[in-house]
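Participant: Have a look at this one before I ask anything.
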Amino acid sequence: NAGVTQTPKFRILKIGQSMTLQCTQDMNHNYMYWYRQDPGMGLKLIYYSVGAGITDKGEVPNGYNVSRSTTEDFPLRLELAAPSQTSVYFCASSWLLAGDGDTQYFGPGTRLTVL
Amino acid sequence: RKEVEQDPGPFNVPEGATVAFNCTYSNSASQSFFWYRQDCRKEPKLLMSVYSSGNEDGRFTAQLNRASQYISLLIRDSKLSDSATYLCVVNTGDDKIIFGKGTRLHILP
């Protein structure tokens, strides 16, 4: 199993550009998540999904969109990139809703810089 | 009081020593607790869950104190490879999961 994979690993965007961060998991997990981690800060939940076709906002959803058309894929879309979106983005997945005694498996992250 | 709070450190500890750090949480209804480890520029990985009765895994022991609303992580006989940031994760109820900012640990040779 590859686990959770993310692409790209690094990206530099100009202000106002758009991009999609890709996330795929091969563990047949129901739940998937997107987090961002700013330097010296904890992870903040952007969006999560409880299954194909179902998504919900997390703590910091503004400026982002997601979709979940399949169990495996959970892309994160940035529209009109802003410097405040410079961060490391982690995708994660789990069998149960994370926190219900279940482990979250994280991807390696995408380092995004917006200039 | 912040929802989940950790001492950012760094804790500089000689190899072989015992080190412990805590994580406090504000919501008394919090249900699940975890310690994750994050190496520099890497993704977080689950270290251990924290059960009401405590949890031990080799050199690592996690405890929950509901009365004082904190969890703890104890590392015995520390190794150089234990150097990392340790993240406290709390399910505060209503399926809200909060990550602490992490405690940085440096094991010194």
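The values are calculated or read from the model by the stated rules, or taken from the named source; none is laboratory data. Every value quoted in this text rests on a predicted model; they were computed, and no experiment measured them. Ideal geometry is used to build each Cβ from the backbone, glycine not excepted, and the neighbour counts take in all protein chains shown. In case anyone asks, the SASA skips ligands and DNA or RNA and just uses the protein heavy atoms, side chains included. Shrake-Rupley method; radii C 1.70, N 1.55, O 1.52, S 1.80 Å.
Participant: Would a scan of the range B:2-10 turn up a residue that is within 14 Å of the chain's Cα centre (by Cα), modelled with pLDDT of 95 or more and among the hydrophobic types (A, V, I, L, M, F, W, C)?
Facilitator: no
Participant: Under the condition of being more than 10 Å from every other protein chain (Cβ to nearest Cβ) and of a type in the set (D, E, K, R), which residue from the range B:23-66 is farthest from residue B:94 (Cα to Cα)?
Facilitator: The extreme case among them is B:59.
Participant: Can you tell me which of (1) small (Gly, Ala, Ser); (2) open to solvent by less than 60 Å² (accessible area, probe 1.4 Å); (3) in contact with a Lys or Arg (Cβ under 8 Å, 6 or more places away or on another chain) is the one residue A:40 doesn't meet?
Facilitator: (2)
Participant: All but one of (1) modelled with pLDDT of 95 or more; (2) open to solvent by 30 Å² or more (accessible area, probe 1.4 Å) hold for residue B:86; state the number of the condition that does not hold.
Facilitator: (2)
Participant: Output the residue which, of all residues in the range B:1-22 that are touching an Asp or Glu at 6+ places or on another chain (Cβ under 8 Å) and open to solvent by 50 Å² or more (accessible area, probe 1.4 Å), is nearest to the other protein chains (Cβ to nearest Cβ).
Facilitator: The selected residue is B:22.
Participant: To continue, here is another question. Checking residue B:49 against (1) touching a Cys at 6+ places or on another chain (Cβ under 9 Å); (2) hydroxyl-bearing (Ser, Thr, Tyr); (3) under 28 Å from residue A:109 (Cβ atoms): exactly one of these is not met. Which one?
Facilitator: So the condition that residue B:49 fails would be (1).
Participant: A further question on this structure: Is it the case, given these coordinates, that residue B:100 is on the phi > 0 side of the Ramachandran plot, among the small types (Gly, Ala, Ser), in contact with a strand residue (DSSP E or B) (Cβ under 7 Å, 6 or more places away or on another chain) and within 12 Å of another protein chain (Cβ to nearest Cβ)?
Facilitator: Spelling it out, it is not the case that residue B:100 is on the phi > 0 side of the Ramachandran plot, among the small types (Gly, Ala, Ser), in contact with a strand residue (DSSP E or B) (Cβ under 7 Å, 6 or more places away or on another chain) and within 12 Å of another protein chain (Cβ to nearest Cβ).
Participant: Identify, from the list A:81, A:52, A:92, the residue that is small (Gly, Ala, Ser), within 14 Å of the chain's Cα centre (by Cα) and either over 19 Å from residue B:89 (Cα atoms) or surrounded by 14 or more Cβ atoms within 10 Å (Cβ to Cβ) (or both).
Facilitator: Going through A:81, A:52, A:92 in turn, the sole match is A:92.
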